[in-house]
Amino acid sequence: MKIAIMGAMPEEIAPILEKLGEYKTTEYAGNKYYEARYKGADLVIAYSKIGKVFSTLTASSMIQHFGAQKLLFSGVAGAISPSLKVGDLIVATKLSQHDLDITAFGHAFGYVPEGSVYIDTDKDLITISKEVASEMGKSVKEGIIATGDQFVANEDRKNWIGDTFKADALEMEGASVAVVCNALDIPFFILRSISDAADMDASFSFDEFLETSAVESAEFVMKMVDKIVD
Ligand code: SAH
């Protein structure tokens, strides 16, 4: 079993690399990939760089070049749902691209012909996440995540995304990773810990909480890996 663990920024995978201690580094397609053996499984770990294009490239590389059979994303996000506070975890049930817009042709936001507005995540991985949450005594929200190539730091934009996609959180990589995994038939899981509320204070909150929130997410994802390989 080969499992991909992906983040967008160095801070999101640093806690995982730290836990592993030893790994092999391979450069491929302008990025670094870290491979390690962990409890009888093979792991490939990378951060993609920010946004939909880089995350698409990294997810595709992990699957098609490195042979990953499952993909887990760990990272931070802006909250839309008022119930989500800094450090809280959200598991995506489905994801959508909030900046994909050919509505001029009568289509819904997030839709392109032969695509779909939402992509569902893997049910079995969500079941595993529920077991991990209960063992850790953590309450983890399940909800819709909206993705776009924008750092949202604006109440109006955030509310529009929340209303249009019924989204609970937003970020910049999840839906593109979802498109890749869906097309290549790879079970995937997107976990985010809240770093900010996507409002006018978002960039300050992000800078303050990126590291601690990234650790929350990474620790949870590693517990999931323990269960998957068990
Ligand atoms: N501080 C960085 C930029 C961070 S962009 C720099 O200057 O280099 C924000 C990253 O965190 C993205 O990877 C995105 O997925 C996530 N994220 C957290 N809060 C977000 C928000 N409010 N809007 C969009 N993405 C957010």
Residue hits (segment 74-99; more than 11 Å from the ligand (Cβ to nearest atom), open to solvent by 40 Å² or more (accessible area, probe 1.4 Å) and not in a strand (DSSP E or B)) are PRO82, SER83, LYS85, ASP88
Of LEU43, LEU57, LEU71, which residue is among the hydrophobic types (A, V, I, L, M, F, W, C) and assigned to a helix (DSSP H, G or I)? LEU57
In segment 31-53, which residue that is away from the ligand (no atom under 16 Å from the Cβ) and of a type in the set (Ser, Thr, Tyr) is nearest to CYS181 (Cα to Cα)? TYR33
Within segment 183-200, restricting attention to residues that are more than 14 Å from the chain's Cα centre (by Cα) and more than 10 Å from the ligand (Cβ to nearest atom), which residue is surrounded by the fewest Cβ atoms within 10 Å (Cβ to Cβ)? ASP185
Hey, can you tell me all the residues within segment 112-161 that are in contact with a Lys or Arg (Cβ under 7 Å, 6 or more places away or on another chain) and part of a loop (DSSP other than H, G, I, E, B)? TYR118, THR121, ASP149, VAL152
If we ask which residues in segment 14-29 are without any contact (Cβ under 8 Å) to a residue 12 or more places away in the chain and either buried (at least 17 other Cβ atoms within 10 Å of the Cβ) or not in a strand (DSSP E or B) (or both), their number turns out to be 2
Those residues of segment 158-178 which are of a type outside the set (Asp, Glu) and more than 9 Å from the ligand (Cβ to nearest atom), in sequence order: ASN159, TRP160, ILE161, GLY162, THR164, PHE165, LYS166, ALA167, ALA175, SER176, VAL177, ALA178
Residues of segment 100-131 classified as open to solvent by 40 Å² or more (accessible area, probe 1.4 Å), touching a strand residue (DSSP E or B) at 6+ places or on another chain (Cβ under 6 Å) and not acidic (Asp, Glu), total: 1
Looking only at segment 132-157, filter to residues that are open to solvent by 40 Å² or more (accessible area, probe 1.4 Å) and within 21 Å of PHE204 (Cβ to Cβ); which one of those is farthest from the ligand (Cβ to nearest atom)? ASP156
Which numbered condition in (1) in contact with a Ser or Thr (Cβ under 8 Å, 6 or more places away or on another chain); (2) within 25 Å of TYR118 (Cβ to Cβ) is the only one that LEU71 fails? (1)
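The values are calculated or read from the model by the stated rules, or taken from the named source; none is laboratory data. Everything numeric here is computed off the predicted structure, so don't read it as measured data. Ideal geometry is used to build each Cβ from the backbone, glycine not excepted, and the neighbour counts take in all protein chains shown. Side chains included, ligands, DNA and RNA excluded: accessible areas come from the protein's heavy atoms. Shrake-Rupley method; radii C 1.70, N 1.55, O 1.52, S 1.80 Å.
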